[in-house]
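The values are calculated or read from the model by the stated rules, or taken from the named source; none is laboratory data. These figures come from a predicted structure and were not determined experimentally. Heads up, the Cβs are rebuilt from the backbone with ideal geometry, glycines too, and the neighbour counts pull from every protein chain shown.
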Ligand code: AMP
Ligand code: MN
Ligand code: MN
Ligand code: MN
């Protein structure tokens, strides 16, 4: 089966990944990735280091970010690709979006304490190399470390999700704002892992997903993740159909967070279903031979 040499969604220690940007890039290069975007949550702090490492490894680097958004009571993620990480309105928007994470973490720890799990705040911060981006993954690592779950993935069945200990509702950026910050910096906005929104508790139905995609397109969103580490092969086909229906470019990314922790390792993602227009067509025409930074 053909595999893609693009991986346009992954995380480093600048958000909730386990590997420093240089180690992430080295791992991607070793696994055959030729085009890599680092897309940390609500922060661009890892991009300079990752871009420098990419130059050494001969990997084409794409500046990215993954922005947390609240839409009709759902949290959705919007990936920005080929952004300018020095763009002031983007940086200000990300800073504002990060702003509430500290108080949220405190409330999460209080909720866990009520269920008899103490020390969660300090425990989570111990796992957060970038404390400004403290989030659920850091709490999940603490819950594994303290024996409350076997692995990070299973934490999200019993904790930190709606109706479970450690869950705290939160208001993230509005969809048009997040898309606007990305576009304003010259980037392409891509709806991340839509299969996550149509599964699990609090799931979105097909009607809501269509409304989300309509609004996303109307405010300038251009792409959708079709091949994602969070998707099953059936979902590749499903979201390829949505891409066609809404004339969106198709993106692909592992959503890798760390060895042994993620569903998929970096790269080696299966090719798109027929009929998809890859998101890189959007910047291929304009980019030079040089790396993006
Ligand atoms: P936050 O931005 O603090 O709400 O944290 C969101 C992060 O939690 C995601 O980016 C994932 O890294 C992690 N996460 C959420 N749900 C799951 C899940 N079901 N399995 C594994 N990781 C998850
Ligand atoms: Mn994450
Ligand atoms: Mn995400
Ligand atoms: Mn992600």
Selection count, the range 1-42, where residues are out of contact with any helix residue (DSSP H, G or I) (no Cβ under 8 Å at 6 or more places or on another chain) and surrounded by fewer than 24 Cβ atoms within 10 Å (Cβ to Cβ): 14
Some residue of the range 132-153 being in contact (Cβ under 8 Å) with a residue 40 or more places away in the chain, within 23 Å of residue 79 (Cα to Cα), surrounded by 14 or more Cβ atoms within 10 Å (Cβ to Cβ) and more than 16 Å from ligand 4 (Cβ to nearest atom): yes
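If you check 123, 102, which single one turns out to be outside any loop (DSSP other than H, G, I, E, B), more than 30 Å from residue 30 (Cβ to Cβ) and in contact with a helix residue (DSSP H, G or I) (Cβ under 6 Å, 6 or more places away or on another chain)?
Details: 102 fails: in contact with a helix residue (DSSP H, G or I) (Cβ under 6 Å, 6 or more places away or on another chain).
None of the others qualify; the one that does is 123.
Residue under question is residue 229, and the condition is that it be within 21 Å of residue 11 (Cβ to Cβ) and out of contact with any helix residue (DSSP H, G or I) (no Cβ under 9 Å at 6 or more places or on another chain); does it hold? Spell out how you get there, then give the answer.
Details: within 21 Å of residue 11 (Cβ to Cβ): yes; out of contact with any helix residue (DSSP H, G or I) (no Cβ under 9 Å at 6 or more places or on another chain): yes.
The answer is yes for residue 229.
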Cross-chain or 6+ apart pairs with Cβ under 6 Å, the range 250-270 first and over 13 Å from residue 151 (Cα atoms) and not assigned by TED's automatic domain parsing to the domain that holds residue 191, then within 16 Å of ligand 3 (Cβ to nearest atom) and in a loop (DSSP other than H, G, I, E, B): none
Selected residue (only one of 197, 236 is outside the structural domain of residue 141 (by TED's automatic domain parsing), surrounded by 15 or more Cβ atoms within 10 Å (Cβ to Cβ) and farther than 19 Å from residue 97 by Cβ): 236
Test for residue 218: is it free of Cβ contacts under 8 Å to residues at least 12 places away in the same chain and either surrounded by fewer than 16 Cβ atoms within 10 Å (Cβ to Cβ) or within 16 Å of ligand 1 (Cβ to nearest atom) (or both): yes
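Out of 153, 126, 136, report the one residue that is more than 19 Å from residue 97 (Cα to Cα) and within 13 Å of ligand 2 (Cβ to nearest atom).
Working: 126 fails: within 13 Å of ligand 2 (Cβ to nearest atom); 136 fails: more than 19 Å from residue 97 (Cα to Cα).
So the residue among 153, 126, 136 that is more than 19 Å from residue 97 (Cα to Cα) and within 13 Å of ligand 2 (Cβ to nearest atom) is 153.
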Top-ranked residue of the range 154-166 - restricted to ones that are on the phi > 0 side of the Ramachandran plot and away from ligand 3 (no atom under 16 Å from the Cβ), ranked as surrounded by the most Cβ atoms within 10 Å (Cβ to Cβ): 166
Checklist (1) over 18 Å from residue 14 (Cβ atoms); (2) away from ligand 1 (no atom under 16 Å from the Cβ) applied to residue 107, failing item: (2)
Among the residues listed as 208, 174, 192, the single one being within 15 Å of ligand 1 (Cβ to nearest atom), touching a strand residue (DSSP E or B) at 6+ places or on another chain (Cβ under 9 Å) and touching a residue at least 60 places away in the same chain (Cβ under 8 Å): 192
